[in-house]
Amino acid sequence: MATPLKPEVNAYRRWYSTLHPSLQLIGLQLWLPLFFIVAFCLCYVAAFHAPHPHDVPVGIVGSAQQFESDLDRTAPGVVSVESLATVDEARAAVLSGRVAVAFEPATSTIYKASAHQYQVAALLPVIITPALQSENITPTTVDLAPLPPYDEYGTVSMYLMLAWCIGGYMVAMFIGLMGAPLRHRSRMAVIVVGGALISLITNVLAGPVVGAVDGHFGALFLIAWGWIVAVGLAVNGLSYFAGRFIAVPAMVIFVFLSMPSSGAAYPSWFMPEPFAWLNNVVVGSGITEMLKRELYGVGPGFARGFIMMAGYAVVGLVLMFVGKPYLEWRRVRRVISGRTTMFADANTANREFLTRERDEILSRHGLLTTDTGTIHTIPVDQREGLDEPTAPGMFFGTPGGLEADVEADDQPKGRPAQPTAGTHAEQ
């Protein structure tokens with residue numbers, strides 16, 4: 001079967017191929033920092049530049065009509081009042097995160113849980129107190145779940161969540177970039193083993209080394225392992241479709257959208273849309289809530305997190321089994337059509353350039369390589385023109401530089417065309 005002819009490329013690709021091969025490779029990777037900057041502004045800056053509470057659920061034991069009217073007057077649009085039947089129900093609603101705070105009129109008590117949402121626990125009593133004072137009520141505040149001194153502002157869960165998300169997507173991202181020939185079981189083995197290693201390292205550092213976590217090592221190890229594997233499977237599945245651009249969907253889904261929507265930095269009641277809604281589906285929310293439940297006994301419980309974890313893992317497995325045939329079909333089509341990518345062309349050009357550069361450097365030192373890889377010394381009487389000093393200058397390198405001109409046949413000037421008999425050097 002004849003080798004297909006390489007299709008004609010456009011003028012831009014022809015011009016780009018004339019650049020230095022290393023410049024070609026650098027230019028083809030500059031999309032990543034550009035993407036990072038744009039995504040950072042659109043997600044982090046957009047979400048966090050002006051967090052403002054809106055429709056924050058506040059519970060009241062008994063009738064909420066008068067309380068709601070007072071709040072609508074003193075803090076319009078900020079809270080959404082919910083009536084609760086008993087004090088026990090109010091306390092449970094606060095601990096689970098169903099309501100931000102709860103008020104009990106009989107004892108004039110505001111219940112909060114700093115371990116679940118530090119910002120809410122600090123801000124909401126201040127917001128609702130004027131409404132209560134308008135009814136001549138001076139409330140007292142009870143913290144049902146105070147934060148420990150080693151996690152004073154409740155940020156440990158946020159940073160552990162980030163470490164697990166980034167660890168999971170990076171392992172799978174490099175599998176997608178460099179492990180295309182690997183079979184499914186090999187990829188999954190790397191994700192599972194890598195997930196266990198990352199979980200072990202992060203929990204050892206966060207607990208015994210840094211002291212940001214007290215105990216819970218076994219449970220946190222398993223939670224981290226499960227989430228890292230779930231994230232890794234999802235990114236691995238996406239890599240069959242995204243190719244070398246896998247960093248884009250991986251970072252968008254598991255970092256840039258997950259972090260602002262997780263509720264770890266600010267609760268979803270403080271976030272603009274679509275970040276507030278995404279709190280229901282992003283991995284950051286599932287990880288953070290499981291961490292808070294394990295460490296401080298607050299949050300909606302483990303069921304929500306396990307359902308989300310299983311969902312991401314299943315999606316990853318489906319994409320993996322569908323994606324491999326698709327990737328093979330795409331490669332066959334490219335081979336048949338003779339198409340190449342700019343990145344592949346740049347890699348080929350760079351490999352050829354490095355080979356020529358290697359031969360030139362060897363020749364400067366009186367050495368010569370053959371097609372079999374054997375290195376010979378060049379006799380002294382044939383080294384005329386190769387005596388250029390090789391000691392590097394402080395600013396400009398060697399006098400001739402490492403990229404000396406080459407002849408039309410791509411042979412460095414002064415290099416013998418054929419191997420010359422001499423001492424056999426060690427390769």
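The values are calculated or read from the model by the stated rules, or taken from the named source; none is laboratory data. If you're wondering where the values come from, they're calculated on a predicted model, not measured in any experiment. Positions of Cβ are generated from backbone atoms using ideal geometry, with glycine treated the same way; all protein chains shown enter the neighbour counts. Note: areas computed on protein heavy atoms with side chains; ligands, DNA, RNA excluded. Shrake-Rupley method; radii C 1.70, N 1.55, O 1.52, S 1.80 Å.
Between THR86 and TRP329, what FRET efficiency comes out of the Förster formula 1/(1 + (r/R0)^6) with R0 = 51 Å and r the beta carbon distance, rounded to 0.05?
After rounding to 0.05, the efficiency reads 0.25.
Of the residues GLU68, GLU152, GLU360, which exhibits the maximal mean-square fluctuation in a Gaussian network model of the chain defined by a 10 Å Cα contact cut-off?
Largest GNM mean-square fluctuation: GLU360.
Please express the shape of region 9-137 as an equivalent ellipsoid: the semi-axes are the square roots of 5 times the eigenvalues of the C-alpha gyration tensor, given largest first in whole angstrom.
55, 15, 11
Please report the carbon-and-sulfur percent of the accessible area for the chain; probe 1.4 Å, protein heavy atoms only, DNA, RNA and ligands left out.
So the carbon and sulfur contribution to the accessible surface is 64 percent.
Expected output is a single nm value to one decimal: the length gained when fully extending between LEU30 and ARG14, i.e. 0.36 nm times separation in residues minus the C-alpha distance. What is it?
The span from LEU30 to ARG14 would gain 3.8 nm if fully extended.
Could you work out the relative contact order of region 103-155? I mean the mean sequence separation of Cα pairs under 8 Å and 6+ apart, divided by the number of residues, in percent.
47 percent
Roughly how many nanometres apart are two label points built 7 Å out from the Cα toward the Cβ at GLN65 and ALA106?
Spacing of the two 7 Å Cα→Cβ label points: 2.1 nm.
For region 70-176, what is one quarter of the convex hull surface built on the Cα atoms, given in nm²?
9.2 nm²
Specify the residue with the greatest mean-square fluctuation among VAL45, VAL283, VAL156, computed from a Gaussian network of the chain linking alpha-carbon atoms under 10 Å apart.
Highest fluctuation of the listed residues: VAL45.
Please work out the average accessible area per residue across the chain, using the 1.4 Å probe convention, and give it in Å².
52 Å²
With springs only between Cα atoms under 10 Å apart, run a GNM on the chain and tell me which of GLY338, GLY168, GLY176 wobbles the most.
Of GLY338, GLY168, GLY176, the Gaussian network model singles out GLY338 as fluctuating most.
What does the convex hull of the Cα atoms come to per residue for the chain, in Å³?
About 229 Å³ per residue, rounded to a whole number.
Counting Lys and Arg as +1 and Asp and Glu as -1, each charge on the Cβ, what is the dipole of region 239-333 about the Cα centre in debye, to the nearest 20?
440 debye
What FRET efficiency do you get for CYS41 and TYR159 if R0 is 22 Å and r is their Cβ-Cβ distance, rounded to the nearest 0.05?
Numbers: r = 22 Å, r/R0 = 1.00.
For R0 = 22 Å, the calculated efficiency reads 0.50.
If r is the Cβ-Cβ distance from ASP214 to SER337 and R0 is 56 Å, what FRET efficiency results, to the nearest 0.05?
On the way: r = 61 Å, r/R0 = 1.08.
Given R0 = 56 Å and the Cβ-Cβ separation, E is 0.40.
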